[in-house]
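For reference, the structure discussed in these notes is given below.
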Amino acid sequence: MKRLTKREEEVMSVIWDMGRALVNDITPRLPIPDLPYSTVSSIVRILEKKGFVDHKSYGRTHEYFPLISKEEYRNSQMKSFVKRYFDSSYQNVVSYFVNEKKLSAEDLKSLIEIIEKKQDNE
């Protein structure tokens with residue numbers, strides 16, 4: 001799956017949140033709400049070319065909707081990130097955060113509980 005630029009992700013996030021949206025609906029919900037209509041429209045057309053959205057036409061108006069869910073995109077990007085930076089090892093990811101002091105012993109205990117609950121439910 002292709003990676004989105006920051007602006008594309010921002011626009012896509014609005015479309016995911018709304019489910020269906022016109023360009024006029026997207027613009028005010030962006031972090032930069034005064035982004036020109038033409039710029040947002042161009043970004044949406046790029047998203048369409050990349051296969052992330054499609055549209056339904058109502059005359060000259062287009063209503064856009066996602067073809068790929070936020071979860072599908074997140075999963076794809078996380079797998080790519082872990083592969084690129086951590087040799088496809090989630091253990092290396094956790095080790096990195098422990099070494100950088102971003103995860104405490106309590107955090108790790110919580111993660112172990114989550115893993116154990118997940119295994120019990122399977």
Condition check for LYS56: among the basic types (Lys, Arg) and either in contact with a helix residue (DSSP H, G or I) (Cβ under 9 Å, 6 or more places away or on another chain) or outside any helix (DSSP H, G or I) (or both)
yes
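Just one of SER76, SER57, SER69 is farther than 16 Å from VAL14 by Cβ and touching a residue at least 40 places away in the same chain (Cβ under 8 Å); which is it?
On the way: SER57 fails: touching a residue at least 40 places away in the same chain (Cβ under 8 Å); SER69 fails: farther than 16 Å from VAL14 by Cβ.
Within the list SER76, SER57, SER69, the selection yields SER76.
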Mind checking which residues of the range 65-91 are at pLDDT 95 or above, part of a helix (DSSP H, G or I) and in contact with a helix residue (DSSP H, G or I) (Cβ under 8 Å, 6 or more places away or on another chain)?
LYS70, TYR73, VAL82, PHE86
For the range 1-25, enumerate the residues that are assigned to a helix (DSSP H, G or I), more than 16 Å from ILE68 (Cα to Cα) and touching a residue at least 24 places away in the same chain (Cβ under 8 Å).
ARG7, VAL23
Residue by residue through the range 19-35, note down the ones that are more than 17 Å from THR61 (Cα to Cα) and out of contact with any strand residue (DSSP E or B) (no Cβ under 9 Å at 6 or more places or on another chain).
PRO28, LEU30, PRO31, ILE32, PRO33, ASP34, LEU35
All positions within the range 30-54 that are closer than 12 Å to ILE15 by Cβ and more than 16 Å from the chain's Cα centre (by Cα)
VAL40, ASP54
Among the residues in the range 27-40, are any out of contact with any Ser or Thr (no Cβ under 6 Å at 6 or more places or on another chain), of a type in the set (Gly, Ala, Ser), surrounded by 15 or more Cβ atoms within 10 Å (Cβ to Cβ) and modelled with pLDDT of 95 or more?
no
For ARG45, all conditions in the list (1) in the same structural domain as GLU10 (by TED's automatic domain parsing); (2) in contact (Cβ under 8 Å) with a residue 12 or more places away in the chain hold save one; what is the number of the exception?
(2)
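The values are calculated or read from the model by the stated rules, or taken from the named source; none is laboratory data. Just so it is clear, the model here is predicted, and its values are computed rather than measured. With ideal geometry, Cβ positions are generated from the backbone for all residues, glycine too; neighbour counts draw on all protein chains shown.
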